[in-house]
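*Asks:* Provided herewith is a single structure, encoded as structure tokens, for subsequent inquiry.
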Amino acid sequence: MSWVHQYDFRFVEGQPALDGAPRTEPASPFSKLWIGDTVPRQIDMLSLMSMSDAFFGRVFHVRGEMVPFGTVSLTTYFHVDAEDLHTEDTRQVLAIADASSFHKSYANQTGELWSPGGRLLATTQQIAYFKA
């Protein structure tokens, strides 16, 4: 997972416990964290798009272990344009991720990316496959 090293993840809640011991009871898929580039820089539209796909698979949170995982479909909706984003002068975003369904090796994931000033920048919907 080399992409993980591209970002600075600062979890407020819902940090994945990936200690290799699967949970006997499912945990919450919810996470709230600050995401920024490892080398801090102003976020532009391309980096915002990339950050919309930087969430750990919700199944990792629920099961407490890494399992084979892949994106089937990802849609990101932008709620700002390049000028708005430049005005925000954002170097990190508040990222909120959750899921509501894990069934027959498929799961949904939702995400929101917020500026430090409280402006919704982007939302994302993802369908993912995981090996049960």
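The values are calculated or read from the model by the stated rules, or taken from the named source; none is laboratory data. What you see is a predicted model; the values in this text were computed from it and never measured. Neighbour counts run over all protein chains shown; Cβ positions are idealised from the backbone, glycine included. Accessible surface areas use protein heavy atoms only, side chains included; no ligands, DNA or RNA. Shrake-Rupley method; radii C 1.70, N 1.55, O 1.52, S 1.80 Å.
*Asks:* Report, by residue number, each residue of segment 22-38 that is touching a helix residue (DSSP H, G or I) at 6+ places or on another chain (Cβ under 9 Å) and assigned to a loop (DSSP other than H, G, I, E, B). Working first, answer last.
*Replies:* Filtering segment 22-38 for residues touching a helix residue (DSSP H, G or I) at 6+ places or on another chain (Cβ under 9 Å) gives 22-23, 26-31, 35-38.
Correct list: 22, 23, 26, 27, 28, 29, 30, 38.
*Asks:* So residue 82 ticks every box in (1) touching a helix residue (DSSP H, G or I) at 6+ places or on another chain (Cβ under 9 Å); (2) over 14 Å from residue 121 (Cα atoms); (3) among the hydrophobic types (A, V, I, L, M, F, W, C); (4) open to solvent by less than 70 Å² (accessible area, probe 1.4 Å) but one. Which box is left unticked?
*Replies:* Among (1) touching a helix residue (DSSP H, G or I) at 6+ places or on another chain (Cβ under 9 Å); (2) over 14 Å from residue 121 (Cα atoms); (3) among the hydrophobic types (A, V, I, L, M, F, W, C); (4) open to solvent by less than 70 Å² (accessible area, probe 1.4 Å), the lone unmet condition for residue 82 is (2).
*Asks:* Also, quick follow-up: Tell me, which residue of segment 102-132 that is under 17 Å from residue 28 (Cα atoms) and of a type in the set (S, T, N, Q) is least open to solvent (accessible area, probe 1.4 Å)?
*Replies:* The qualifying residue least open to solvent (accessible area, probe 1.4 Å) is 109.
*Asks:* Another one. Going through segment 1-39 one residue at a time, which ones are open to solvent by 50 Å² or more (accessible area, probe 1.4 Å), in contact (Cβ under 8 Å) with a residue 24 or more places away in the chain and out of contact with any strand residue (DSSP E or B) (no Cβ under 9 Å at 6 or more places or on another chain)?
*Replies:* Within segment 1-39, 3, 5, 18, 19, 20, 21, 22, 23 meet the criteria.
*Asks:* Looking for whichever is surrounded by fewer than 14 Cβ atoms within 10 Å (Cβ to Cβ) and either under 18 Å from residue 128 (Cβ atoms) or touching a Gly at 6+ places or on another chain (Cβ under 8 Å) (or both) here; the options are 59, 72. Which one fits? Reasoning before the result, please.
*Replies:* Working: 59 fails: surrounded by fewer than 14 Cβ atoms within 10 Å (Cβ to Cβ).
From the options 59, 72, the qualifying one is 72.
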